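S.K.: Dropping the structure in here first, questions after.
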Amino acid sequence: MKKVLIFLSFVLFFACKEQPKETAETTTQDVAKEELQKPANTFGIVIHGGAGTILKENMTSEKEAAYKAKLKEAIETGHVILKNGGTSLEAVEKTINILEDSPLFNAGKGAVFTYNETNELDASIMDGSTLNAGAVAGVSTVKNPINLAREVMINSPHVLLSGKGAEQFAEERNLEIVDPSYFYTEGRMKVLKRIKDKPNHADSKSATSFYDPIIKDSKFGTVGCAALDKHGNLAAGTSTGGMTAKKWNRIGDSPIIGAGTYANNTTCAISSTGWGEYFIRGMVAYDISAMMEYKGISLEEASKEVIQNKLTNLGGTGGIVAIDNRGNVSMEFNTAGMYRATMNADGELTIGIYKE
Ligand code: ASP
């Protein structure tokens with residue numbers, strides 16, 4: 001027995017001694033990788049309230065102040081959660097709720113109208129630590145579609161639910177249900193009427209001619225948020241009413257993971273806004289993350305390349321907000337303006353509307 005114990009002690013001693021030698025041999029690259037994956041010990045948040053033809057000359061100072069105040073309220077909501085050690089997912093959801101409840105933005109309460117004068121809302125959310133995601137499309141009775149997207153992610157085996165089924169799931173999960181008339185706003189109805197009155201609009205077959213009057217007439221107005229929490233986890237979410245005068249239960253990029261929303265702890269978290277068809281075709285959010293991952297370039301370089309070159313060359317308009325796993329932020333757009341705000345770990349707030 002004594003001999004066995006002595007033998008085991010020897011084995012243990014040499015096994016422990018060998019350990020550092022093995023790791024030392026595998027290192028340089030691994031250490032670099034590990035460094036990248038380590039939590040940055042910081043946090044931050046960035047939001048958008050839509051991009052588009054947002055020009056100073058078309059804006060009153062009251063309207064501008066109202067937009068800025070709402071963006072500030074929203075981002076502060078998320079920032080407090082992050083500051084207190086909450087998760088990026090929680091921050092994204094609660095921040096988007098503030099914007100969804102405001103008639104100023106094309107999401108939740110302020111959703112735009114379909115051609116048939118209904119409201120069909122889309123949303124998605126993604127957890128960068130697990131690559132888990134949830135999304136909903138074409139819901140008309142759910143007050144806060146981002147909450148439903150999160151329910152889909154956490155409490156269903158699916159990623160994307162649509163229409164009546166999604167609404168039924170919302171009821172089962174006890175989310176707040178509203179009458180579809182909750183989403184009626186006079187301003188959005190006026191825009192729809194104006195677009196419908198334009199000649200030839202109803203017969204347009206190509207995406208460009210169908211959307212041309214819409215793009216010229218209105219802003220996109222979707223809302224989105226990307227956040228990095230103190231635990232090093234990234235999350236992103238997007239919520240929208242889609243595009244004015246959309247037909248045939250059209251679904252845009254906002255509920256499409258990889259197009260409207262993407263989050264991956266090894267790269268960044270992104271939310272898009274703009275002409276959805278192009279964001280789907282360009283897989284814009286994932287493309288930015290993939291460029292960072294495969295080319296090893298920064299968030300700033302990747303978002304510039306995707307928005308200013310690839311999306312623009314495709315003919316698409318819009319922008320993104322994004323944050324990487326070190327807390328660097330990007331707010332890139334190729335339109336006249338984008339409602340946007342960001343706040344870092346020190347509480348420094350930046351709000352923007354027009355191209356600077
Ligand atoms: N991207 C949205 C869509 O195409 C619209 C927007 O960003 O406002 O549905």
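The values are calculated or read from the model by the stated rules, or taken from the named source; none is laboratory data. Keep in mind the model is a prediction, meaning the values are calculated, not measured. All Cβ positions, glycine included, derive from the backbone under ideal geometry; neighbour counts span all protein chains shown.
S.K.: Please verify whether the range 276-290 includes one or more residues that are of a type in the set (A, V, I, L, M), surrounded by 24 or more Cβ atoms within 10 Å (Cβ to Cβ) and under 22 Å from M343 (Cβ atoms).
M.R.: If we filter the range 276-290 for residues that are of a type in the set (A, V, I, L, M), which is where we start, we get 280, 283-285, 288, 290.
With the extra rule that they be surrounded by 24 or more Cβ atoms within 10 Å (Cβ to Cβ), the set shrinks to 284-285, 288.
Filter once more, keeping what is under 22 Å from M343 (Cβ atoms): 285, 288.
Looking for residues that are of a type in the set (A, V, I, L, M), surrounded by 24 or more Cβ atoms within 10 Å (Cβ to Cβ) and under 22 Å from M343 (Cβ atoms), one finds at least one in the range 276-290, hence yes.
S.K.: Further question: Suppose the filter is in contact with a Cys (Cβ under 6 Å, 6 or more places away or on another chain) and modelled with pLDDT of 95 or more; does L299 pass it? Step through it out loud before you land on a result.
M.R.: Values: in contact with a Cys (Cβ under 6 Å, 6 or more places away or on another chain): yes; modelled with pLDDT of 95 or more: yes.
Considered against the rule, which asks whether it is in contact with a Cys (Cβ under 6 Å, 6 or more places away or on another chain) and modelled with pLDDT of 95 or more, L299 comes out as yes.
S.K.: Picking from I75, I47, I96, which residue would you name as being in a helix (DSSP H, G or I) and within 16 Å of the ligand (Cβ to nearest atom)?
M.R.: On the way: I75 fails: within 16 Å of the ligand (Cβ to nearest atom); I47 fails: in a helix (DSSP H, G or I).
Of the residues listed, the single one that is in a helix (DSSP H, G or I) and within 16 Å of the ligand (Cβ to nearest atom) is I96.
Yes or no, residue by residue, for (1) without any contact (Cβ under 8 Å) to a residue 24 or more places away in the chain; (2) closer than 18 Å to A133 by Cα; (3) out of contact with any strand residue (DSSP E or B) (no Cβ under 7 Å at 6 or more places or on another chain):
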position: I251; (1), (2), (3): no, yes, no
position: A263; (1), (2), (3): no, yes, no
position: S271; (1), (2), (3): no, yes, no
position: I280; (1), (2), (3): no, yes, yes
position: K304; (1), (2), (3): no, no, no
position: G337; (1), (2), (3): no, no, no
position: R340; (1), (2), (3): no, no, no
position: M343; (1), (2), (3): no, no, no
position: T350; (1), (2), (3): yes, no, no
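S.K.: Have a look at T42, T95 and point out the one that is modelled with pLDDT of 90 or more and either buried (at least 21 other Cβ atoms within 10 Å of the Cβ) or in contact with a helix residue (DSSP H, G or I) (Cβ under 6 Å, 6 or more places away or on another chain) (or both). Spell out how you get there, then give the answer.
M.R.: Working: T42 fails: either buried (at least 21 other Cβ atoms within 10 Å of the Cβ) or in contact with a helix residue (DSSP H, G or I) (Cβ under 6 Å, 6 or more places away or on another chain) (or both).
From the options T42, T95, the qualifying one is T95.
S.K.: I want to confirm something. Restricting to the range 220-248 and keeping residues that are farther than 22 Å from D346 by Cβ and basic (K, R), which single residue is nearest to the ligand (Cβ to nearest atom)?
M.R.: Here the answer is K246.
S.K.: Of all residues in the range 100-118, how many are more than 23 Å from I54 (Cα to Cα) and either in a helix (DSSP H, G or I) or within 13 Å of the ligand (Cβ to nearest atom) (or both)?
M.R.: Qualifying residue count for the region: 0.
S.K.: Return a yes/no flag: does the range 280-293 have any residue that is closer than 22 Å to I125 by Cα, of a type in the set (F, W, Y) and touching a helix residue (DSSP H, G or I) at 6+ places or on another chain (Cβ under 8 Å).
M.R.: Within the range 280-293, none of the residues are closer than 22 Å to I125 by Cα, of a type in the set (F, W, Y) and touching a helix residue (DSSP H, G or I) at 6+ places or on another chain (Cβ under 8 Å).
S.K.: Something else: Tell me which of these G108 doesn't satisfy, since it passes every other one: (1) among the small types (G, A, S); (2) more than 14 Å from T222 (Cβ to Cβ); (3) buried (at least 24 other Cβ atoms within 10 Å of the Cβ); (4) over 13 Å from the mean Cα position of the chain (by Cα).
M.R.: (2)
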